[in-house]
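Enquirer: Pasting a structure below so you can have a look.
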Amino acid sequence: MAEAGTALTTVDPSQWRTACEREPVIRALAAEPRLGHKAIAEAGSTLGLSRSRIYELLARYRENPVTSSLVDQHDGFPKGRSRLHSEIDRLIDAEIEKFYLRRPRPTLAQLVRQIRYSCLEQNLRPPARQTVHLRVDALEREHLIEARDGAKAAADRFRPVRASYEAEYPLQVVQMDHTLVDIIIVDEYFRKPLGRPTLTLQIDVATRVIPGFYISLEKPSATSVGMAIRHAVLPKDAWLADRDLAFAWPVFGLPDILHLDNASEFHSRALTRGCQQFGIDLHYRPPRTPHFGGHIERLIGTTIGEVHLLPGTTFSNIQNKGDYDAEGEACMTLKEFERWFALQVGIYHGTIHRALGVPPMTAWRDDQTKRTEPLRLPADQQRFLFDFLPFEMRRVRRDGIKLFHLVYWHGALTTLVANSVHKFPIKYNPLNLSTVYLELPGGEHVIVPLRDKRRPAITKFEHDYALRALRERGRGAVDEQMLFEMVSTQRSIVLAAVTKTRGARRTTQRLVDALIRGEPPTVHLEAREANEQLAAPNLDGPVVPLAIEERS
């Protein structure tokens, strides 16, 4: 039925052509100050309509002088009105509200059954499935999703996007986020499945290049954030050479703004202090506004999509996976996957980006002229990561520095014992607790090993697990000897089980990988000598506390 105000797109084309033919004739009649029988007869003859029909169209046109008012109106059951008995109508609406619009989300088939049972209880004829389906389809989509998936899901889908994050020049804004990668990694010894690694990825908003990334078997943490930042900021020639990769990756420099979501690791004290140290502003997305992180979200989707072509992929959902045996097909170690992913970065940088119209690497080179200042690099690149390590405030006592029930000592501390009333920042590497780094007031660092050099290197997660185990056994006071004995016992248990269970293999691989990546400098010097070593561009040895980029 077409009435005054009917949308033109809803009118049947043949009815619209008829209305267009009528419009000039009826418009001429409406313009007459007085209508005679002759004019009405001539209009009826022209349009092939009776006198009464001409009067009806003329009245509708005078009320609303538009062509759509002349579309034929057909009698019949009004569109949108239910043919069901009013009691059944009310029952369907009630069951949708109290049963279907609830969590856990019932299926449409379950709703149909529920309505059928309710109708039978009240001696009513149950409606057809299609009737119920149409009634559900008629619901407002935002209300439906809010009721079944929550307010956040509805807002994320239907909230108008009034703003997004943009940048005018390279490294003005860099976004960073984490994701579990859709692939099963194997260990380096038995080549058996370990689980999915975590990727920390960055994107430069202006040029869409990838400044850096970090892949590990650890959960996202302040350490993985610091590692990813270090990889992004420093030149990558040595990093690429260590992995026998020959492509160019000339992306480096300190960003002006680091744009993050509100995960706890992005609010760590280490990240805040490190960014303040190097003039990097931290900007966080407003809560419940995922579109503000759209650049990194799309990049993660693009890069993870490529992973689905690898053996051992878990795919993104169970429908795509089908009967594919991800664990049975898994064959890549963490180092091999890291190398593969770096090659994917090179391919991505050379591929035309749909939003830019050019490859990201071309945009990176071309847009350097838009910068108001040259690219910034840390004055001391070898020491850069020190400023992103977590730290605790401790005093230097005569027996050394006590941190996490462990005691650290080096001769360089002798002159600091007299000032033991003052606390110093003691930075540590969670991947390897064999060494800590005392920060002096002038910014220099003293590299301090465990007092007992016979102790093996342990990780922070091993330490925490051992501490919990000791306290569960009722040990109120815990000392260093007890901790190392517990760690040794745990390692023996894991090694005995490593050929049997994936969890044990994963723990072993995490341990080996962490201790290698977190290996501290091998020579411990006085404060001045230590800083001279850190400043020296010697890439042949382990020159930084978290050494993934220089060591394979």
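The values are calculated or read from the model by the stated rules, or taken from the named source; none is laboratory data. None of these values were measured; they are calculated from a predicted model. Virtual Cβ from ideal backbone geometry, glycine too; neighbours counted across all protein chains shown.
Enquirer: Considering only residues that are hydrophobic (A, V, I, L, M, F, W, C), part of a loop (DSSP other than H, G, I, E, B) and within 22 Å of the chain's Cα centre (by Cα), which ones fall in region 255-285? Before you say what the answer is, go through the steps one by one.
Expert: Here is the first cut: in region 255-285, the ones hydrophobic (A, V, I, L, M, F, W, C) are 257-258, 260, 263, 266, 270-271, 275, 278, 280, 282.
Remaining after also requiring part of a loop (DSSP other than H, G, I, E, B): 263, 278, 280.
A263, I280 - these are the residues of region 255-285 that are hydrophobic (A, V, I, L, M, F, W, C), part of a loop (DSSP other than H, G, I, E, B) and within 22 Å of the chain's Cα centre (by Cα).
Enquirer: Considering only strands (runs of 3 or more DSSP E) fully contained in region 370-470, which possess at least 1 residues that are closer than 22 Å to G226 by Cβ and under 36 Å from the mean Cα position of the chain (by Cα)?
Expert: Per the criteria, 391-395, 401-403, 423-429, 432-439, 445-449.
Enquirer: Are there strands (runs of 3 or more DSSP E) fully within region 172-253 with at least 2 residues that are more than 21 Å from L389 (Cβ to Cβ) and not basic (K, R)? List them.
Expert: Those strands (runs of 3 or more DSSP E) span 173-180, 193-195, 198-204.
Enquirer: Just to be sure I understand the filter: pairs with C-beta atoms under 6 Å, separated by 6 or more residues or on different chains, first member in region 249-270 and under 22 Å from H349 (Cβ atoms) and of a type in the set (G, A, S), second member modelled with pLDDT of 90 or more and buried (at least 21 other Cβ atoms within 10 Å of the Cβ). Which pairs pass?
Expert: Close Cβ pairs (under 6 Å, with a partner that is modelled with pLDDT of 90 or more and buried (at least 21 other Cβ atoms within 10 Å of the Cβ)) amount to G253/L171.
Enquirer: If the requirement is being assigned by TED's automatic domain parsing to the domain that holds A206 and not hydrophobic (A, V, I, L, M, F, W, C), which of these qualifies: T351, T435?
Expert: That would be T351, the only listed residue that is assigned by TED's automatic domain parsing to the domain that holds A206 and not hydrophobic (A, V, I, L, M, F, W, C).
Enquirer: Need pairs with beta-carbon distance below 7 Å; first residue under 18 Å from D366 (Cβ atoms) and within region 164-182, second modelled with pLDDT under 90 and among the hydrophobic types (A, V, I, L, M, F, W, C); sequence gap 6+ or separate chains.
Expert: Here the result reads L171/L375; V173/A167, each pair linking region 164-182 to a residue that is modelled with pLDDT under 90 and among the hydrophobic types (A, V, I, L, M, F, W, C).
Enquirer: Then there is this: If we keep just the residues of region 185-231 that are modelled with pLDDT under 80 and of a type in the set (D, E, K, R), which is nearest to the chain's Cα centre (by Cα)?
Expert: Looking at residues that are modelled with pLDDT under 80 and of a type in the set (D, E, K, R), I get E218.
Enquirer: Out of V446, V436, V421, report the one residue that is out of contact with any Cys (no Cβ under 7 Å at 6 or more places or on another chain) and touching a residue at least 40 places away in the same chain (Cβ under 8 Å).
Expert: V446
Enquirer: Do you know which of the residues in region 326-341 that are in contact with a strand residue (DSSP E or B) (Cβ under 8 Å, 6 or more places away or on another chain) and either buried (at least 17 other Cβ atoms within 10 Å of the Cβ) or aromatic (F, W, Y) (or both) is modelled with the lowest pLDDT?
Expert: A326
Enquirer: In the set P374, P390, P360, P378, which member is modelled with pLDDT of 90 or more and either farther than 21 Å from F213 by Cα or not hydrophobic (A, V, I, L, M, F, W, C) (or both)?
Expert: Numbers: P374 fails: modelled with pLDDT of 90 or more; P390 fails: modelled with pLDDT of 90 or more; P378 fails: modelled with pLDDT of 90 or more.
That would be P360, the only listed residue that is modelled with pLDDT of 90 or more and either farther than 21 Å from F213 by Cα or not hydrophobic (A, V, I, L, M, F, W, C) (or both).
Enquirer: Filter region 398-430 down to residues that are among the hydrophobic types (A, V, I, L, M, F, W, C) and loosely packed, with under 12 Cβ neighbours inside 10 Å and give me whichever is modelled with the highest pLDDT.
Expert: Result: V421.
Enquirer: Please verify whether region 471-486 includes one or more residues that are closer than 20 Å to Y428 by Cα, outside any loop (DSSP other than H, G, I, E, B), out of contact with any helix residue (DSSP H, G or I) (no Cβ under 9 Å at 6 or more places or on another chain) and modelled with pLDDT under 75.
Expert: Yes: region 471-486 contains one or more residues that are closer than 20 Å to Y428 by Cα, outside any loop (DSSP other than H, G, I, E, B), out of contact with any helix residue (DSSP H, G or I) (no Cβ under 9 Å at 6 or more places or on another chain) and modelled with pLDDT under 75.
Enquirer: Additional query: Tell me, which residue of region 126-159 that is exposed (fewer than 12 other Cβ atoms within 10 Å of the Cβ) and in a loop (DSSP other than H, G, I, E, B) is modelled with the lowest pLDDT?
Expert: E140
Enquirer: Looking at region 373-380, is at least one residue in contact with a Pro (Cβ under 6 Å, 6 or more places away or on another chain) and surrounded by 14 or more Cβ atoms within 10 Å (Cβ to Cβ)?
Expert: So far as region 373-380 goes, no, none of its residues is in contact with a Pro (Cβ under 6 Å, 6 or more places away or on another chain) and surrounded by 14 or more Cβ atoms within 10 Å (Cβ to Cβ).
Enquirer: I'd like to verify a number: residues in region 243-263 that are surrounded by 18 or more Cβ atoms within 10 Å (Cβ to Cβ), among the aliphatic types (A, V, I, L, M) and under 19 Å from R365 (Cα atoms), how many?
Expert: Total satisfying the criteria: 2.
Enquirer: Just name the residue that is surrounded by the most Cβ atoms within 10 Å (Cβ to Cβ) out of those in region 195-232 that are out of contact with any helix residue (DSSP H, G or I) (no Cβ under 7 Å at 6 or more places or on another chain), under 17 Å from H267 (Cβ atoms) and not β-branched (V, I, T).
Expert: Among those residues, the one meeting the criterion is A228.
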